[in-house]
1. When you go through ARG91, ARG63, ARG57, ARG83 one by one, which is the residue that is farther than 22 Å from GLY156 by Cα and modelled with pLDDT of 95 or more?
2. Under 9 Å by Cβ, and 6 or more places apart or on different chains, what pairs join a residue from the range 25-38 that is at negative phi and in contact (Cβ under 8 Å) with a residue 60 or more places away in the chain with one that is among the hydroxyl-bearing types (Ser, Thr, Tyr) and open to solvent by 40 Å² or more (accessible area, probe 1.4 Å)?
3. In the range 23-59, which residue that is open to solvent by 20 Å² or more (accessible area, probe 1.4 Å) and not in a strand (DSSP E or B) is farthest from LEU177 (Cα to Cα)?
4. Pick out the one residue from GLY156, GLY161 that is touching a residue at least 60 places away in the same chain (Cβ under 8 Å), in contact with a Phe, Trp or Tyr (Cβ under 8 Å, 6 or more places away or on another chain) and not polar (S, T, N, Q).
5. Select from the range 113-131 the residues that are open to solvent by 80 Å² or more (accessible area, probe 1.4 Å) and either closer than 19 Å to GLY154 by Cβ or free of Cβ contacts under 8 Å to residues at least 24 places away in the same chain (or both) and list them in ascending order.
6. I'm told ARG91 meets every condition in (1) open to solvent by less than 80 Å² (accessible area, probe 1.4 Å); (2) without any contact (Cβ under 8 Å) to a residue 60 or more places away in the chain; (3) under 26 Å from ASP58 (Cα atoms) except one. Can you identify the failing condition by its number?
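The values are calculated or read from the model by the stated rules, or taken from the named source; none is laboratory data. All values reported here derive from a predicted model rather than from experimental measurement. Cβ atoms come from the backbone with ideal geometry, glycine included; neighbour counts cover every protein chain shown. Heads up: the accessible areas ignore ligands, DNA and RNA and are worked out on the full protein's heavy atoms, side chains in. Shrake-Rupley method; radii C 1.70, N 1.55, O 1.52, S 1.80 Å.
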Amino acid sequence: MTPTALLVLSALATSPAPSEVPVPSRHQLSLYARSGASAYLSPVRTQGGLGGGFGLRDTVDGRWLLQVDASGLTGLGSVLAVRVGAGLQWRHPEGWAPAALVSLTGLFGDRMEFLKPEHPAPVGGPSLGLGLTLAPARFSLGGAQVSVLELGVGVGTDRSGLGLLYGLTLLEVGVAL
């Protein structure tokens, strides 16, 4: 046998088999709990409140975020807030991971309605808003994520015109599954 063939065979004998090499996962699922406030304001209705809820997030390639969550809110009655979002996070070596997401939020439940001569009937259905959420104080520490003071603003349409959706997350804590 030639020295080159011996070198190749010894390298193959000492390297791990392809099935033993760990493949990094493209998807990292995490479960998170959040607390905060949401409010939808339009000329014909106001809906929202304070509360908290749970969500599920998928982080793809360590950068892209896909998430869905639901929160129970009180203040103007009982409201269920459901949010679906997608966005991007920037990871820094120190653990800082600010993020920006585009979210579709629906508020279901109690609300205050304002009847006007041009709109004498209440507006039916949930309050829906499409908006942007910024999370500048977000940190990733191993398998845990912590975010403080996320700010969101969005727009929605009622038959009466434009509605504004505001969101404030006071604290969000997540763990990798």
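1. On the way: ARG91 fails: modelled with pLDDT of 95 or more; ARG63 fails: modelled with pLDDT of 95 or more; ARG83 fails: farther than 22 Å from GLY156 by Cα.
Exactly one of ARG91, ARG63, ARG57, ARG83 is farther than 22 Å from GLY156 by Cα and modelled with pLDDT of 95 or more, namely ARG57.
2. ALA37/TYR166; SER38/TYR166
3. This residue is PRO43.
4. Numbers: GLY161 fails: in contact with a Phe, Trp or Tyr (Cβ under 8 Å, 6 or more places away or on another chain).
Matching residue, one of GLY156, GLY161: GLY156.
5. If the condition is that a residue be open to solvent by 80 Å² or more (accessible area, probe 1.4 Å) and either closer than 19 Å to GLY154 by Cβ or free of Cβ contacts under 8 Å to residues at least 24 places away in the same chain (or both), then PRO117, PRO120, LEU128, LEU130 are the ones that fit.
6. All conditions are met except number (1).
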